[in-house]
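Data block below; observations after.
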Amino acid sequence: MKDQKTGFSTLCVHGGDVMDPQGGIHVPLYNHSTFGFPSTQALLDVVEGRKEGNFYTRFGQNPTIRAVERKLALLEGGELALAFSSGMAAEAATFLTHCKAGDHIVCIGDVYGGTFELLARNLPNLGIETTFLLGNEVDRLREAMTERTRIVFFETPTNPNMEIFDIGAVAETARGAGVLTVVDNTFASPANQNPLALGADIVLHSTTKYLGGHSDLTGGVVIGPKARVEPIWPWRKNLGQIMAPEVAYLLARSLRTLTVRVRQQNATALAVAEFLSKHPKVLKVNYPGLPDFPGHAVAARQMRGFGGMVSFVYDGDAAATSAMVDRLGIFTIAASLGGTESLVTQPITSTHHGMAREERERRGIVDGLVRMSCGLEDTEDLIADLQQAMG
Ligand code: PLP
């Protein structure tokens, strides 16, 4: 693609590509762990950073990995992207780079169960403590930050209650205290929301979800300005967290269809949310596209689409909710999201199974909560499936 201003879908298809020497229309899969040099001097030029080149794949010096990183950086409007073996690897490297023993993180609202475990159980062993604010405590952010706070971290929409936070407002408060704002944009995907443009310092994703889009790869990415992202590189290298070249190739393939997938998932999720909001067995629907959802106004301002994730509270105890989930025929019971197939999970049995009951209840992760990832099946079939399962 020649250097010209392009729209998001064009970047999904062409962004980051360079001409393959053989004329292939995409950057090919370089499945090599190491690369050869014609001379010691040529090797030293790369090792000593005088020339960009490929030395060793674990370092990220691999054309296939670099190509997908360029595409991801363009999709989030960031200067630099680093690809990881998983979303958790991307998060861990970001925290370890920007915090050291004695430092502090503020985490706002619900987060993925694994993120909560990393912040609450693993990082304290290294002397990095986290203060967790509930979603309705976001106005306490200023007082929650101390002189040791380095990062304010959140998802928006959140997992699993779909809470919405005003990225620009949070980032402004954090910046005022010299603190970095890191946003996990996994649920929205860059097709619906670009946190860097709204004021965040770093955006990260589990590419396992919408970016991969087919439930057939595991990966992560961190994107932002060079000054924030480049220091993460040695951690990725030395912790051995690089995305495999095969995965990078598959991810680049998937990113070409990101817009059309997400557009359809947005439309289906809205239709499903509207259906659920009228159903007598549903106590509450969490979907930012519904006009009466508490985060709707902010979401409408900062998102281009409201996403493919919907959660709701079923009028039943844990067992009755599981029985309803078990009656679903098209939705598959699975913990992940963002793929072509619709998935359903009861968070207390999966993503938040490891969280103590009191902590879950404080966060509204109740026994009857059901989370759905709307895929690319016919919308009417998904609604009919819910109808028959709920009676
Ligand atoms: N962030 C969010 C919002 C997630 O839902 C997940 C996984 O479910 C992760 C991060 C972690 O990603 P991964 O499973 O690729 O490590």
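The values are calculated or read from the model by the stated rules, or taken from the named source; none is laboratory data. Small disclaimer: the values here were computed from a predicted structure and weren't measured. Note that each Cβ is placed from the backbone with ideal geometry, even for glycine, and that neighbours are counted across all protein chains shown. To get the accessible areas, we keep the full protein, side chains included, count just its heavy atoms, and leave off ligands, DNA and RNA. Shrake-Rupley method; radii C 1.70, N 1.55, O 1.52, S 1.80 Å.
Listing for the model above:
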{"quantity": "Residue satisfying all of: in the stretch 32-64; polar (S, T, N, Q), within 34 Å of the chain's Cα centre (by Cα) and not in a strand (DSSP E or B); farthest from F84 (Cα to Cα) among these", "calculated": "N54"}
{"quantity": "Residue satisfying condition, being within 12 Å of the ligand (Cβ to nearest atom) and either of a type outside the set (G, A, S) or outside any helix (DSSP H, G or I) (or both), within set V229, V247", "calculated": "V247"}
{"quantity": "Positions within the stretch 53-86 being within 13 Å of the ligand (Cβ to nearest atom) and open to solvent by 10 Å² or more (accessible area, probe 1.4 Å), in sequence order", "calculated": "S85, S86"}
{"quantity": "Residue selected from the stretch 311-345 under the condition within 16 Å of the ligand (Cβ to nearest atom) and among the aliphatic types (A, V, I, L, M), by the criterion most open to solvent (accessible area, probe 1.4 Å)", "calculated": "I333"}
{"quantity": "Residue in the stretch 310-319 that is within 22 Å of D381 (Cβ to Cβ) and touching a His at 6+ places or on another chain (Cβ under 9 Å) present", "calculated": "yes"}
{"quantity": "Extreme residue, surrounded by the fewest Cβ atoms within 10 Å (Cβ to Cβ), among residues of the stretch 233-244 that are assigned to a helix (DSSP H, G or I) and not polar (S, T, N, Q)", "calculated": "P234"}
{"quantity": "The stretch 90-105 - residue that is without any contact (Cβ under 8 Å) to a residue 60 or more places away in the chain and either among the hydrophobic types (A, V, I, L, M, F, W, C) or closer than 17 Å to R363 by Cβ (or both) and, of those, farthest from the ligand (Cβ to nearest atom)", "calculated": "A101"}
{"quantity": "Residue list for the stretch 121-155, filter: open to solvent by 40 Å² or more (accessible area, probe 1.4 Å) and within 16 Å of the ligand (Cβ to nearest atom)", "calculated": "R121, N122, F132"}
{"quantity": "Residue in the stretch 210-224 that is touching a helix residue (DSSP H, G or I) at 6+ places or on another chain (Cβ under 8 Å), within 11 Å of the ligand (Cβ to nearest atom) and under 24 Å from R148 (Cα atoms) present", "calculated": "no"}
{"quantity": "Residue tally, condition open to solvent by 10 Å² or more (accessible area, probe 1.4 Å) and within 14 Å of the ligand (Cβ to nearest atom), over the stretch 187-209", "calculated": "4"}
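Conditions tested, residue by residue: (1) under 30 Å from T257 (Cα atoms); (2) open to solvent by 90 Å² or more (accessible area, probe 1.4 Å); (3) touching a residue at least 40 places away in the same chain (Cβ under 8 Å).
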residue	(1), (2), (3)
F8	yes, no, yes
H14	yes, no, no
M19	yes, yes, no
I25	yes, yes, no
N31	yes, no, yes
T34	no, no, no
S39	no, no, no
L43	no, no, no
V47	no, no, no
